[in-house]
Amino acid sequence: MLQKIQETADFLKSKIKSNPKTGIILGTGLGNLVTQITDRTDIAYETIPNFPVSTVEGHSGKLIVGKLGGVDVVAMQGRFHYYEGYDMKAVTFPVRVMKAIGIENLLVSNASGGVNPDFEIGDLMIITDHINLFPEHPLRGKNHPELGPRFPDMSEAYSKELIVKAKAIAEQNKIKVVEGVYVGTSGPTFETPAEYRYFRAIGADAVGMSTVPEVIVANHGGMRVFGMSIVTDLGVPGKIVEVTHEEVQEIGNKVQPLMTQIMKELVQGI
Ligand code: HPA
């Protein structure tokens, strides 16, 4: 694994002239932020050695290197989901590579179903913590001390400092944000009403099918993490209706520009 990470990092370093310290992972369909990246170099995942091979032909996404608000960043447009069939090492490989090229701060985004009864569709949730309910752990197996400790601390998986900064940015821009705990589950089914109730009961505010593996690996590697989730539907008793992928995308599209604004200013303030 170490050799593959190094190989991929060397390939990317040969393509990147700058020295970015901030990485961004954008949820599926949440590509609005990349329209704000200038001085761009786009690198298709297919062309990156050792990157997971897409299950959807030709649409696996790309890595975008450039400047966001004048600051050097590397952004992943599209991620690898566990439900697509990738194992956890593949899902989190890009995070290892980001660390190897010098990324210190990782910003992540996703869409989720809200289980907090105070939430509304279209809310932007700052992720304060997570619960890992994936059936496979990304750090299971031999630990490489070069990558991080055997038993990583997770007491501040999402940087408190970045959360405070993001809230201040939201307030200045009059953008409504909520805060909460994200529970990560494998999918690809959306939840039954009983499952939504269960997630609420164990302390979640929103549920989704991504992010947690990448955040675990980022913490293992000592990166600072900030996460935001767009609440695209509600798993709240009395408000549960049929959820479709299309609706999730549609709500995500509407709210994205607000998330982009917060992320852009946050990158500038890091
Ligand atoms: N459940 C799981 N993942 C999701 C949801 C949901 O309700 N909405 C968007 N992603």
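Derivation of every value follows stated rules applied to the coordinates shown; laboratory data play no part. Nothing here was measured: the structure is a model prediction, and the numbers come from that model. Neighbour counts run over all protein chains shown; Cβ positions are idealised from the backbone, glycine included.
Tabulated data
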item	result
Over the stretch 127-231, relative contact order from alpha-carbon pairs under 8 Å, at least 6 apart, %	43
Sum of side-chain charges, F80 neighbourhood, beta-carbon under 12 Å (Lys, Arg +1; Asp, Glu -1)	-1
Unit Cα scatterers, Debye sum, the stretch 96-200: log10 I(q)/I(0) for q = 0.13, 0.15 Å⁻¹	-0.66, -0.85
DSSP bridge orientation in the chain - percent antiparallel, rounded to nearest 5	40
Tensor-based shape of the stretch 168-222 (alpha-carbon gyration tensor, a/c under 1.5 rounded, otherwise prolate or oblate)	oblate
Mean Cα-pair separation over length for the stretch 1-131, i.e. relative contact order, pairs under 8 Å, 6 or more apart, %	34
P(r), alpha carbons of the stretch 117-270 - 5 Å bins starting at zero, rounded %	2, 9, 17, 20, 19, 15, 11, 5, 2, 0
Computed log₁₀ I(q)/I(0) - Debye formula, equal Cα scatterers, no solvent, the stretch 1-155, q 0.10, 0.12, 0.16, 0.19 Å⁻¹	-0.39, -0.57, -1.02, -1.40
Overall Cα dimensions of the chain - principal axes, largest extent first, Å	54, 42, 38
Which of H137, H130 has the fewest Cβ neighbours within 10 Å, and the rest in rising order	H137, H130
Average silhouette area of the stretch 85-140, convex hull of alpha-carbon atoms, in square nanometres	5.5
Alpha-carbon Debye profile of the stretch 181-255, log10 I(q)/I(0) at 0.11, 0.15, 0.21, 0.22 Å⁻¹	-0.32, -0.58, -1.03, -1.10
Taking only Cα atoms of the stretch 133-185, radius of gyration then Dmax in Å	16.2, 47
